[in-house]
């Protein structure tokens, strides 16, 4: 129980907030780029038929892209956050090692 409370208090720490905002913006950028590319691909593949058919197909493609982006958002966010959190952990291990080395006496 106390571990959960301690973890909850760490949510508002500046390093975690920085990682959260970075991963949020990068996730949004990745998903928007993916949606834009898939929309352009679908537009180039659509047949040049009657105007109502092109309009209907573009609505179906837009709804499909929206559903895909919504379903991929948590997966992409965890992937992007994992990159930043791995970097934070590596940095923390390196700084702990430097602090430990600074405290140990060296023989000359």
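Couple of notes before you dig in:
- Estimated distance in nm for a label pair at residue 18 and residue 42, the labels positioned 7 Å out from Cα along Cα-to-Cβ: 3.9
- Ordering of 41-52, 11-22 by packing [mean C-beta count within 10 Å, highest first]: 11-22, 41-52
- Sorting 27, 76, 9 from the fewest to the most surrounding beta carbons within 10 angstrom yields 9, 76, 27.
- Theoretical gain in end-to-end length, residue 63 to residue 4 [0.36 nm per residue, Cα-Cα removed]: 17.4 nm
Coordinate-derived values only; no laboratory data. If you're wondering where the values come from, they're calculated on a predicted model, not measured in any experiment. Positions of Cβ are backbone-derived with ideal geometry, glycine not excepted, and every protein chain shown enters the neighbour counts.
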